[in-house]
1. Which residues, counting only those in region 99-111, are farther than 20 Å from residue 19 by Cα and in contact (Cβ under 8 Å) with a residue 40 or more places away in the chain?
2. Would you pick out the residues in region 63-90 that are in contact with a strand residue (DSSP E or B) (Cβ under 8 Å, 6 or more places away or on another chain) and among the hydrophobic types (A, V, I, L, M, F, W, C)?
3. Where residues in region 78-92 are of a type in the set (Val, Ile, Thr) and out of contact with any His (no Cβ under 9 Å at 6 or more places or on another chain), which of them is surrounded by the most Cβ atoms within 10 Å (Cβ to Cβ)?
4. Take residue 52 and tell me if it is under 21 Å from residue 98 (Cα atoms) and either open to solvent by 20 Å² or more (accessible area, probe 1.4 Å) or touching a Pro at 6+ places or on another chain (Cβ under 6 Å) (or both).
5. What residue, among those in region 120-135 that are modelled with pLDDT under 95 and in a loop (DSSP other than H, G, I, E, B), is surrounded by the most Cβ atoms within 10 Å (Cβ to Cβ)?
6. Cβ-Cβ distance below 9 Å, separation of 6 or more or different chains: which pairs start in region 183-194 with a residue that is under 13 Å from residue 74 (Cβ atoms) and end on one that is outside any helix (DSSP H, G or I) and open to solvent by 40 Å² or more (accessible area, probe 1.4 Å)?
Amino acid sequence: MNPIKDAIKSEQCLFDTDKVSDQIVFSEQFFNLLMEQKDGYSDIIILCIGTDRATGDSLGPLIGHKLNHVNYTGVHVYGTLDTPVHAKNLHEVIDSIYYNYDHPYIIAIDACLGKIEHIGYVGLGKGTIKPGAGVNKNLPEVGDVFITGIVNFSGVMDMIILQNTRLSLVMKMADFIVFAIKSALWKYHKEMSIAKEEIYEAN
C-alpha cells in the first residue's frame, strides 16, 4: 500500500480511514517516528487541538478524550472534551508544556479542510502545523510531528463548513487515529522496556 502524498506538503502522507490496511501502515509509520525521537526528548506530548462547539473541529478533543486514560510513563495528553485546547488558550498551553517538560516531543493533532476527494483522510508527517490557518486565525505553529484529519472540503465560508460537518465522519476518523496511536504506543513502550532490560543485564 502506497499512501497518497499531499501536493501541498510533500512530507505528509495521507491515509484513507475506510481502509484497514491504511490504518496498519499509519500506525507503523507513527511508531517509526516515535522510535526516531527516543534518544533526544524527555516526554511525549499528545496535543489535541480543537473545540466541541463545531462538529468538524471536534476531532482533536474527541481523540484526547479517548486517549486520556492511556497510562504510559512519559506520555501526556492535552486537549479533551472536558478541557479543550483551542484558539483562546493555545498560547498558554504551549507555554505550560515547555515550562513543565525539559525537551518535549509534541505530537500535534488537529482537524483541517482540504480537497473534496480527500475528505475522510488522515495526514501524518514531521514538522509543525498552524492551527486555524484555514479559518484565518493567527495561531502559533506547534509540533514535532503532526496528525491532521481532513473533515470537509475547503472553500468559501469555511467556518460554516466546519460547523456543518457530519459527526459520524469525525467519530470514524477519531477511532482510526486512536487505534493506531494506542497500537504504536504499546509497541514503543515494549521496545523501550526491552532496551532497559538489556542495559540492566549488561551492567
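The values are calculated or read from the model by the stated rules, or taken from the named source; none is laboratory data. In this text, all values refer to a predicted model and were calculated from it rather than measured experimentally. Ideal geometry is used to build each Cβ from the backbone, glycine not excepted, and the neighbour counts take in all protein chains shown. Each accessible area value is taken on the protein alone, full model and side chains, heavy atoms only, with ligands, DNA and RNA left out. Shrake-Rupley method; radii C 1.70, N 1.55, O 1.52, S 1.80 Å.
1. Residues of region 99-111 farther than 20 Å from residue 19 by Cα: 99-110.
Hits for region 99-111 are 101, 102, 103, 104, 105, 106, 107, 108, 109, 110.
2. 63, 67, 70, 75, 77, 85, 90 - these are the residues of region 63-90 that are in contact with a strand residue (DSSP E or B) (Cβ under 8 Å, 6 or more places away or on another chain) and among the hydrophobic types (A, V, I, L, M, F, W, C).
3. Here is the first cut: in region 78-92, the residues of a type in the set (Val, Ile, Thr) are 80, 83, 85.
Restricting the remaining residues to those that are out of contact with any His (no Cβ under 9 Å at 6 or more places or on another chain) gives 83, 85.
Working: 83: 14, 85: 26.
Here the residue is 85.
4. Working: under 21 Å from residue 98 (Cα atoms): no; either open to solvent by 20 Å² or more (accessible area, probe 1.4 Å) or touching a Pro at 6+ places or on another chain (Cβ under 6 Å) (or both): yes.
The answer is no for residue 52.
5. Filtering first and then ranking leaves 131.
6. 185/72; 188/38; 188/72; 189/72; 189/73; 192/38
Residues checked against (1) surrounded by 19 or more Cβ atoms within 10 Å (Cβ to Cβ); (2) of a type in the set (Lys, Arg); (3) touching a helix residue (DSSP H, G or I) at 6+ places or on another chain (Cβ under 9 Å):
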site: 14; (1), (2), (3): yes, no, yes
site: 17; (1), (2), (3): yes, no, yes
site: 43; (1), (2), (3): no, no, yes
site: 98; (1), (2), (3): no, no, no
site: 107; (1), (2), (3): yes, no, yes
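A quick yes/no check of all residues on (1) surrounded by fewer than 14 Cβ atoms within 10 Å (Cβ to Cβ); (2) aromatic (Phe, Trp, Tyr); (3) outside any helix (DSSP H, G or I):
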{"position": "113", "(1), (2), (3)": "no, no, yes"}
{"position": "117", "(1), (2), (3)": "yes, no, no"}
{"position": "137", "(1), (2), (3)": "yes, no, yes"}
{"position": "155", "(1), (2), (3)": "yes, no, yes"}
{"position": "168", "(1), (2), (3)": "yes, no, no"}
